[in-house]
Ligand code: TRP
């Protein structure tokens, strides 16, 4: 049987270089490997937990879908869908809620850090904590278990959630029989975690991102904002501590990386290094950006791709949900 690989993207932002290098590019590349079935989805139900601005969620869904399609995701060879278009996921989520230990959820990092922040502010510990946030890992377990995923590639911050999905699956299987495949988390250390404008991890929550599909001039402007030190042109610069170099490396060939290392040693001016970085990224994304703009102007095409994806996804989810319900005793009387 093929390995099933599944991952979700929360629809709360505009795709940036960090998403591209850390998640989208490796996911699309891996989806071409033989022996692998890929499930990629837009986690808009998860987005509701973090965002209560309807327009933002809708815009982000459109942008993220257009991005994956523009970058060459083959929707015939993969299953690409919007979480909310697969209602079986929400139904499974309820069943799993009835299996998931509250004590397990108490240990979830996202919930714990919300409580810690409240205590710090001398607030009620559960101030602003919704049941959605509290049960976030259960919905994620439903996403994963629904499609019998073997491997779940995620960033480090999501490892605990995948482990919880495994725990919940084990508990279910123990009580009701072997219905769920136990998922394994995959964290690829070879994939770069990109630094943002301020040198911290590039993340929408830090507001330090460089959007992936900016028009060339705006892209360059954004790149020019990357924080550097005060070394003058002619002074040797350290590539290892430089965000400009780190991003360069994520896009450059080995030869180009070598050349930039030499340029740093020779004291390339920061302005020049940033200009070259802008040119490099621009060259690599130009074609996909044209596609992206065409798709963004034609939401019908995006919506059609998502609807077809949902139909495909539901051939799996209807079957699995029926098995689950049967296993727990929710079934016709005759
Ligand atoms: N929680 C993930 C994130 O914020 C997104 C996500 C939702 C996901 N469901 C998933 C990832 C299932 C992997 C598998 O990044």
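Laboratory data are not the source of any read-out in this text; all were calculated from the coordinates shown. Keep in mind that this is a model prediction, so the values were computed, not measured. Cβ atoms come from the backbone with ideal geometry, glycine included; neighbour counts cover every protein chain shown.
Taking each residue as 0.36 nm, the span from residue 255 to residue 124 lengthens on full extension beyond its C-alpha to C-alpha distance by 41.6 nm. Cα centroid separation, the range 36-74 to the range 101-145: 23 Å.
A simple spin-label model places pseudo-atoms 7 Å from Cα toward Cβ; at residue 228 and residue 293 they are separated by 2.8 nm.
With 0.36 nm allotted per residue and the present C-alpha distance subtracted, the residue 262-residue 217 stretch has 13.5 nm of extension available.
Using a ≥ b ≥ c from the Cα gyration tensor of the range 212-255 (square roots of the eigenvalues), is it rounded, prolate or oblate, where a/c under 1.5 gives rounded and otherwise the larger of a/b and b/c decides, a/b for prolate? The shape class here is oblate.
Residue order for 32, 150, fewest other beta carbons within 10 angstrom first, comes to 32, 150. The value of relative contact order for the chain, using C-alpha pairs under 8 Å at least six residues apart, is 22 percent.
Most tightly packed first, judged by the mean number of other beta-carbon atoms within 10 Å of their residues, the peptides 59-70, 194-205, 298-309 read 59-70, 194-205, 298-309. Counted over the chain, the DSSP beta bridges are approximately 10% antiparallel.
In this simple spin-label model, placing a label point 7 Å from the Cα along the Cα-to-Cβ direction at both residue 190 and residue 156 gives a separation of 2.0 nm. Taking the fewest neighbouring Cβ atoms within 10 Å as the starting point, the ordered list for 51, 98 is 98, 51. A simple spin-label model places the labels of residue 112 and residue 241 3.3 nm from each other, with each point 7 Å out along Cα-to-Cβ. Counted residue by residue at 0.36 nm each, then reduced by the alpha carbon distance between them, the extension gain from residue 36 to residue 77 reaches 13.8 nm. Using every pair of distinct Cα positions in the chain, the Kirkwood expression returns a hydrodynamic radius of 21.7 angstrom. Each of 290, 167 has some number of other Cβ atoms within 10 Å of its Cβ, and from fewest to most they run 290, 167. Under 19 Å from a label point set 7 Å out along the Cα-to-Cβ vector of residue 2, the amide N atoms of the range 68-86 belong to 69, 72-82.
Taking the square roots of five times each eigenvalue of the Cα gyration tensor of the range 213-294, the equivalent ellipsoid has semi-axes of 25, 14, 9 Å, listed largest first.
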